[in-house]
1. Assuming Gly73 fulfils every condition listed in (1) farther than 13 Å from Arg111 by Cβ; (2) among the small types (Gly, Ala, Ser); (3) assigned to a strand (DSSP E or B) apart from one, which condition is it?
2. Tell me, which residue of region 90-147 that is without any contact (Cβ under 8 Å) to a residue 60 or more places away in the chain and β-branched (Val, Ile, Thr) is nearest to Ala25 (Cα to Cα)?
3. Residues that are more than 16 Å from Leu37 (Cα to Cα), at least 1 per element: which strands (runs of 3 or more DSSP E) completely within region 82-147 meet that?
4. Would you point out which residue out of Tyr45, Tyr26 is in contact with a His (Cβ under 9 Å, 6 or more places away or on another chain), in a helix (DSSP H, G or I) and not β-branched (Val, Ile, Thr)?
5. What are the residues in region 40-74 that are closer than 25 Å to Asp134 by Cα and either free of Cβ contacts under 8 Å to residues at least 12 places away in the same chain or among the acidic types (Asp, Glu) (or both), if any?
6. Looking at region 87-143 only, could you name the residues that are under 11 Å from Val62 (Cβ atoms) and in contact with a Cys (Cβ under 9 Å, 6 or more places away or on another chain)?
7. Considering each residue of region 40-75, count those that are crowded, with 17+ Cβ neighbours inside 10 Å and of a type outside the set (A, V, I, L, M), and give that number.
Amino acid sequence: QSILEAKVKAAQAKLSAKSKAASAAYFAGLAEKPGVLKDPSGFYYEILKEGTGALPTMNDTVRLHYHGTLIDGTVFDSSVQRGQPTSFPMRGVIKGFSGGLTKVKVGGKVRIHIPSELGYGDNPRPGGPIKPGDTLIFECELLEIVN
């Protein structure tokens, strides 16, 4: 069992290093794009459409549509594809995602570029499309602040 665990950890470390190298190049290019801003915590964001409502806080629950991809374009989750918006408490999701949502007003759209350390790091859900060290990109439309 311990031999198998060591092999799994080594494979994850290799995947993580490869993903983080690709992410470093991705973020270097992203930093040069006009309209892309960097939050002090480390994620990048672009306001795609200005909203007119309030900005959510970390104490809020929000309702939104989102479309999540990896830097290679692989879709890993999408309320847009399901055709059903979702609601969740801001403190109930990864740091980069909730942090990015605090930048957009109700009715607006934002694209959030999240480095792995503000996403799932080296421990994403086993067997899923997100691998250790992956950068996540979310395009979100904030529909309402529920509370």
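Rule-based calculations on the coordinates, nothing more; no lab input. Being a predicted model, the structure only gives us computed values, none of them experimental. Reconstructed Cβ throughout: ideal geometry from the backbone, glycine too, with neighbour counts over all protein chains shown.
1. So Gly73 meets the others, but not (3).
2. Ile94
3. Result: 86-89, 136-145.
4. Every option except Tyr26 fails the conditions.
5. If the condition is that a residue be closer than 25 Å to Asp134 by Cα and either free of Cβ contacts under 8 Å to residues at least 12 places away in the same chain or among the acidic types (Asp, Glu) (or both), then Pro40, Glu46, Asp72, Gly73 are the ones that fit.
6. Matches in region 87-143: Phe97, Leu101, Val104.
7. Total satisfying the criteria: 12.
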